[in-house]
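These notes concern the structure reproduced below.
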Amino acid sequence: MSADVNDWKELYSKEPETEEEFVIPEGPLLFYNELVIDHFTHPRNVGELEDADGYALIGDPSCGDQMKLWIKVREGEIADIKFKSFGCPGAIATSSMCTVMAAGKTVAEAKLLTDDDVIAALEGIPEHKQHCSLLGVNALQEAIRDFERKQGGEESPAAP
């Protein structure tokens, strides 16, 4: 190993003289940024919706994260969206941002939302946490499918 393996520690051991001097090093993102922390500590659209038009329960067995998501659709738009999540800061923050991005969109527009869109909106998340961004997007897509099943008269999974 080279002598440079601990150089990253220097970035965290000293305070920058001015805010403009601090430059995020190139390479993988190793920490949560302020926007991600804000969505984790103050998640948007938390709760449940009674009489939801679409519902999903999604889980990631590899890390234990789980999310419930409800949508109400009015005139083809997502009029309201709520979620409850059990998971790490990355899962909660990306789920929160996903709901913010989907609210007010048409169902067709919301179906196009990707985990990359959510990561970009959060200005990045640590690489080893990017799988967390799938939780919210997958729950949104499943809730939309549930809504569409109900519109077609098909049986859908019961929401608790």
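The order of the peptides 69-75, 135-141 by mean Cβ neighbours within 10 Å, most packed first, is 135-141, 69-75. Shape index of segment 66-128: Rg/Rh, with Rg the Cα radius of gyration and Rh the Kirkwood radius from the inverse mean 1/r over Cα pairs, equals 0.98.
Stokes-Einstein diffusion of segment 32-151 at 10 °C, 1.306 mPa s viscosity, Kirkwood radius from Cα pairs, rounded to a whole number: 115 µm²/s. Scanning residues 5 or more positions from residue 54 or on other chains, those with amide H under 5 Å from its amide H are 71, with H placed 1.01 Å from N in the peptide plane.
Just so you know, all these numbers are worked out from the coordinates, no wet-lab data involved. All figures in this text were calculated on a predicted structure; none of them were measured in a lab. Quick reminder, even Gly has a Cβ in these numbers, built from the backbone with ideal geometry, and neighbours come from all protein chains shown.
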